[in-house]
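Asker: The structure under discussion is supplied below as structure tokens; questions concerning it will follow.
The values are calculated or read from the model by the stated rules, or taken from the named source; none is laboratory data. None of these values were measured; they are calculated from a predicted model. With ideal geometry, Cβ positions are generated from the backbone for all residues, glycine too; neighbour counts draw on all protein chains shown. SASA here: full protein model, heavy atoms, side chains in, ligands and nucleic acids out. Shrake-Rupley method; radii C 1.70, N 1.55, O 1.52, S 1.80 Å.
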Amino acid sequence: MSDFDFDLFVIGAGSGGVRAARISAGHGARVGICEASRVGGTCVIRGCVPKKLLVYASHVAEEIEDAAGFGWTVGPTQFSWPKLIQAKDQEIDRLNKIYLGLLSNAGVTLYETHGELLDPHTVRLGDQTVTADRILIAVGGRPWVPEIPGIEHVITSDEAFHLDELPPRVALVGGGYIACEFAGIFRGLGAEVAQIYRGDAVLRGFDSDVRRIVSEGQRLKGIDLRLETNVSSIEKTAGGQVLTLDNGETMEVDQVMYATGRVPNVRGLGLREAGVEVRAGGQVVVDEYSRTNLDNVFAVGDVTNRVNLTPVATYEGHSFADTEFGGMNRPVNHQLVPAAVFCQPPVGTVGWDEEDAANHVGPVDVYYSEFRPMKHTLSGREEKAMMKLIVAKESNKVVGVHVVGPDAPEIVQGFAVAVKSGLTKDHFDQTIGIHPTAAEELVTMRSPVRSHG
Ligand code: NDP
């Protein structure tokens with residue numbers, strides 16, 4: 001046993017930190033962890049989980065609207081934002097307790113305070129210090145907003161979960177995950193929503209057909225999507241907030257929400273002073289074992305800005321624990337990570353998109369299907385779904401699956417196993433579809449629509 005207070009001290013009790021702490025403890029390590037906010041981190045407290053609950057809530061109005069097409073007459077309905085937020089908060093409290101329980105059951109010592117690295121083995125926790133053989137930085141990220149006049153009037157996703165009332169008119173700035181998801185939430189709950197994005201289609205970095213179908217789909221939902229537009233300034237007025245756009249137009253809303261990216265949450269952490277290599281934006285530089293330039297200091301999750309998704313952080317934390325304390329060799333492979341955007345219509349995706357595939361895997365065939373989901377034949381909605389396979393010509397392996405439409409995230413989770421396992425188009429062809437589903441399309445597409453490379 002070392003002379004240090006702990007074998008491992010973790011700074012940050014979010015998805016990555018909690019997983020690393022409890023798995024390390026399970027391997028017999030003496031583990032301490034600190035958290036300045038609430039145990040659970042961004043995902044549980046102010047991210048994925050509360051967001052998904054609001055997404056569910058926002059779908060209800062549409063179900064009620066569609067009911068008539070299926071023969072139902074629904075009486076007067078009413079929505080209460082405070083009730084929704086209260087129910088959501090109760091669920092987050094429950095999950096927070098579960099996370100606290102996970103730590104205490106694993107025998108991890110929790111310090112509910114900010115941690116600062118004083119040197120490679122010492123962490124300051126308020127007015128005390130602790131020492132540890134190994135230290136793991138798992139502090140996550142925080143929202144970033146550009147410096148434009150009036151930016152102090154805007155909210156980010158952090159505050160969106162705690163608004164007292166649903167703003168009747170909302171402007172969302174950004175075209176990434178969070179802006180698209182919240183545009184759908186606010187719109188579904190009945191707000192007038194404008195989404196302002198500087199690019200030509202939302203979700204840059206995704207497959208071009210995904211971007212097109214989501215952009216069109218958001219407009220069909222009634223979102224006023226302003227593409228190739230940015231905000232120059234924001235002014236608070238008696239009636240709300242007035243945005244001046246870079247095309248000279250103005251727009252009055254009740255709430256402006258920025259979702260223009262997140263940055264590593266390294267403020268006040270003392271990383272550079274302690275000798276940890278940190279890039280300009282705050283990103284901690286690590287290798288495939290999540291090890292920093294210092295032998296005993298590691299980092300996982302969004303603070304490393306590799307693939308900023310919760311399951312990736314937990315995977316990194318678990319791999320770190322197994323490698324350092326479980327006697328295993330578990331480098332992290334960030335290839336073929338599936339992802340979803342819970343916008344409306346939602347997206348599920350894994351592997352290469354059409355634009356990048358040929359550069360990375362050589363010549364590819366593209367299989368594509370765009371259709372009206374069966375449900376909407378009776379609901380009357382004009383919405384489209386799309387499914388796309390990218391197949392490497394030489395190996396016949398399916399190297400990309402992209403889906404937009406109802407249940408896309410659920411569908412792609414299953415297909416991600418096939419892509420990660422390197423299954424070929426023949427395997428897909430030999431798989432019998434489940435009828436009638438949308439997903440059967442992925443095993444019944446017979447002829448490529450185009451090829452590249
Ligand atoms: P993203 O990086 O996804 O999107 C940021 C958006 O803001 C982009 O559209 C970007 O435009 C735009 N932007 C950046 N700078 C400016 C600027 N100065 N003026 C105007 N627009 C600007 O970040 P998010 O905040 O949406 O999400 C952060 C991260 O959180 C995501 O990357 C993802 O990793 C994670 N997340 C994952 C979710 C999921 O798994 N479902 C859900 C929510 C978040 P451009 O494209 O032109 O650069």
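Asker: Among the residues of the stretch 302-322, count how many are open to solvent by 30 Å² or more (accessible area, probe 1.4 Å) and assigned to a helix (DSSP H, G or I). Outline the logic, then answer.
Answerer: Just the residues of the stretch 302-322 that are open to solvent by 30 Å² or more (accessible area, probe 1.4 Å), to begin with: 302, 305-311, 315, 318.
Then keep just the ones that are assigned to a helix (DSSP H, G or I); that gives 302, 310-311, 315, 318.
Looking only at that region, the number is 5.
Asker: In the stretch 400-416, which residues are within 17 Å of D353 (Cα to Cα) and surrounded by fewer than 17 Cβ atoms within 10 Å (Cβ to Cβ)?
Answerer: Scanning the stretch 400-416 gives a single hit, Q413.
Asker: More than 27 Å from the chain's Cα centre (by Cα), more than 30 Å from A29 (Cα to Cα), without any contact (Cβ under 8 Å) to a residue 60 or more places away in the chain and open to solvent by 20 Å² or more (accessible area, probe 1.4 Å): is that true of A87 in this structure?
Answerer: No, not satisfied.
Here is a yes/no grid of residues against (1) surrounded by 22 or more Cβ atoms within 10 Å (Cβ to Cβ); (2) of a type outside the set (G, A, S); (3) in contact with a strand residue (DSSP E or B) (Cβ under 8 Å, 6 or more places away or on another chain):
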position: Q335; (1), (2), (3): no, yes, no
position: C343; (1), (2), (3): yes, yes, no
position: D353; (1), (2), (3): no, yes, yes
position: F371; (1), (2), (3): no, yes, yes
position: H376; (1), (2), (3): no, yes, no
position: M387; (1), (2), (3): yes, yes, yes
position: K393; (1), (2), (3): no, yes, yes
position: A418; (1), (2), (3): no, no, yes
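Asker: Looking at the stretch 15-22, can you tell me whether even one residue there is open to solvent by 60 Å² or more (accessible area, probe 1.4 Å) and outside any helix (DSSP H, G or I)?
Answerer: Among the residues of the stretch 15-22, not one is open to solvent by 60 Å² or more (accessible area, probe 1.4 Å) and outside any helix (DSSP H, G or I), which makes the answer no.
Asker: Residues that are within 28 Å of the chain's Cα centre (by Cα) and at pLDDT 95 or above: find the strands (runs of 3 or more DSSP E) completely inside the stretch 343-453 holding 2 or more of those.
Answerer: It comes to 347-351, 364-371, 385-392, 398-404.
Asker: Within the group A68, A61, which residue is in a helix (DSSP H, G or I), over 29 Å from the mean Cα position of the chain (by Cα) and surrounded by fewer than 24 Cβ atoms within 10 Å (Cβ to Cβ)?
Answerer: The unique qualifying residue is A68.
Asker: Determine, yes or no, whether A183 is buried (at least 17 other Cβ atoms within 10 Å of the Cβ), within 16 Å of the ligand (Cβ to nearest atom), modelled with pLDDT of 95 or more and part of a helix (DSSP H, G or I).
Answerer: yes
Asker: Just to be sure I understand, how many residues within the stretch 263-288 are assigned to a loop (DSSP other than H, G, I, E, B), within 16 Å of G115 (Cβ to Cβ) and touching an Asp or Glu at 6+ places or on another chain (Cβ under 7 Å)?
Answerer: Residues flagged as assigned to a loop (DSSP other than H, G, I, E, B), within 16 Å of G115 (Cβ to Cβ) and touching an Asp or Glu at 6+ places or on another chain (Cβ under 7 Å) within the stretch 263-288 amount to 4.
Asker: Out of the strands (runs of 3 or more DSSP E) lying entirely within the stretch 110-173, which hold 1 or more residues that are within 16 Å of the ligand (Cβ to nearest atom), out of contact with any Phe, Trp or Tyr (no Cβ under 6 Å at 6 or more places or on another chain) and in contact (Cβ under 8 Å) with a residue 40 or more places away in the chain?
Answerer: Answer list for the stretch 110-173: 141-143, 169-173.
Asker: Here's something else I'd like to know. Among residues belonging to the stretch 394-405 that are out of contact with any His (no Cβ under 9 Å at 6 or more places or on another chain) and in contact (Cβ under 8 Å) with a residue 40 or more places away in the chain, point out the one that is nearest to G453 (Cα to Cα).
Answerer: Only one residue fits best here, namely G400.
Asker: A follow-up question, please. State yes or no: is T77 open to solvent by 60 Å² or more (accessible area, probe 1.4 Å), hydroxyl-bearing (S, T, Y) and closer than 25 Å to H162 by Cβ? Write out each step before concluding.
Answerer: On the way: open to solvent by 60 Å² or more (accessible area, probe 1.4 Å): yes; hydroxyl-bearing (S, T, Y): yes; closer than 25 Å to H162 by Cβ: yes.
Taking the combined requirement at face value, the residue satisfies it.
Asker: Restricting to the stretch 196-250, and then to whatever is open to solvent by less than 60 Å² (accessible area, probe 1.4 Å), of a type in the set (A, V, I, L, M) and over 29 Å from V366 (Cα atoms), can you tell me which residue is farthest from the ligand (Cβ to nearest atom)?
Answerer: For the stretch 196-250, the residue satisfying everything is V242.
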